[in-house]
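Structure record follows, encoded as structure tokens.
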Amino acid sequence: MEIILKNINETHSWAKEFAKTLRAPVTVALHGDLGMGKSEIARVIIQTMRGADTVVPSPTFTLVQNYDGISHFDLYRIEDKSELEEIGLSHAIANDIVLIEWPDIAGDFLPQNTIHIYLEEFNGGRKLKLMV
């Protein structure tokens, strides 16, 4: 599925609706260059499911943030797959709604039914491709 998101409001609306479809355990891999909206989509999903006032910092430095059944990972700084077990990725995959930014390092660590979201710039907005 391919969706054109013209602006941040459309991105938020899409993420809110997408959040309503998620049930644990499920893994969502967010792909895209810096600034494409991976963190923003994760933030909206978490706030839709846990409350609009939920503070959702980027897990760039902590590597993972947990929100009562939702685990938000940022694998940008992971250099070796062996680190994935140390940060609790396999436990989260088995139990939580898992949102993963920069998922490429995880490779075959991800379950086969992972939902992949690819984001790229398109006419001042974003093109979102959703693949299972």
Open item on the list: in contact with a Ser or Thr (Cβ under 8 Å, 6 or more places away or on another chain), among the hydroxyl-bearing types (S, T, Y) and either open to solvent by 30 Å² or more (accessible area, probe 1.4 Å) or in contact (Cβ under 8 Å) with a residue 40 or more places away in the chain (or both): is that true of Y76 in this structure?
Closed with: yes
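Tally time: how many residues in segment 3-33 are in a loop (DSSP other than H, G, I, E, B), among the basic types (K, R) and touching a helix residue (DSSP H, G or I) at 6+ places or on another chain (Cβ under 9 Å)?
Qualifying residue count for the region: 1.
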Open item on the list: Any residue at all in segment 50-67 that's without any contact (Cβ under 8 Å) to a residue 12 or more places away in the chain, closer than 18 Å to L130 by Cα and open to solvent by 50 Å² or more (accessible area, probe 1.4 Å)?
Closed with: no
TODO: Would you tally the residues in segment 58-87 being assigned to a loop (DSSP other than H, G, I, E, B), more than 17 Å from I41 (Cβ to Cβ) and in contact with a Phe, Trp or Tyr (Cβ under 9 Å, 6 or more places away or on another chain)?
DONE: 5
Task: Checklist (1) in contact (Cβ under 8 Å) with a residue 60 or more places away in the chain; (2) within 20 Å of F18 (Cα to Cα); (3) not charged (D, E, K, R) applied to A94, failing item - done: (2)
Open item on the list: Taking the condition of being open to solvent by less than 30 Å² (accessible area, probe 1.4 Å), polar (S, T, N, Q) and in contact with a Ser or Thr (Cβ under 6 Å, 6 or more places away or on another chain), how many residues in segment 1-40 meet it?
Closed with: 1
Open item on the list: Considering only residues that are assigned to a loop (DSSP other than H, G, I, E, B) and of a type in the set (A, V, I, L, M, F, W, C), which ones fall in segment 34-57?
Closed with: L34, M36, A52, V55, V56
- [ ] Note down all Cβ pairs under 9 Å where the first residue falls in segment 105-125 and is closer than 23 Å to T11 by Cα, the second is among the β-branched types (V, I, T) and open to solvent by 40 Å² or more (accessible area, probe 1.4 Å), and they're at least six residues apart or on different chains.
- [x] T114/V132; I115/V132; H116/V132; F122/I4; N123/I4; G125/I4; G125/I8
TODO: Taking only segment 103-128 into account, find how many residues are of a type outside the set (A, V, I, L, M), surrounded by fewer than 18 Cβ atoms within 10 Å (Cβ to Cβ) and outside any strand (DSSP E or B).
DONE: 9
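The values are calculated or read from the model by the stated rules, or taken from the named source; none is laboratory data. Just so it is clear, the model here is predicted, and its values are computed rather than measured. Methodologically, a virtual Cβ is constructed for each residue, glycine included, from the backbone with ideal geometry; neighbour enumeration extends over all protein chains shown. Note: areas computed on protein heavy atoms with side chains; ligands, DNA, RNA excluded. Shrake-Rupley method; radii C 1.70, N 1.55, O 1.52, S 1.80 Å.
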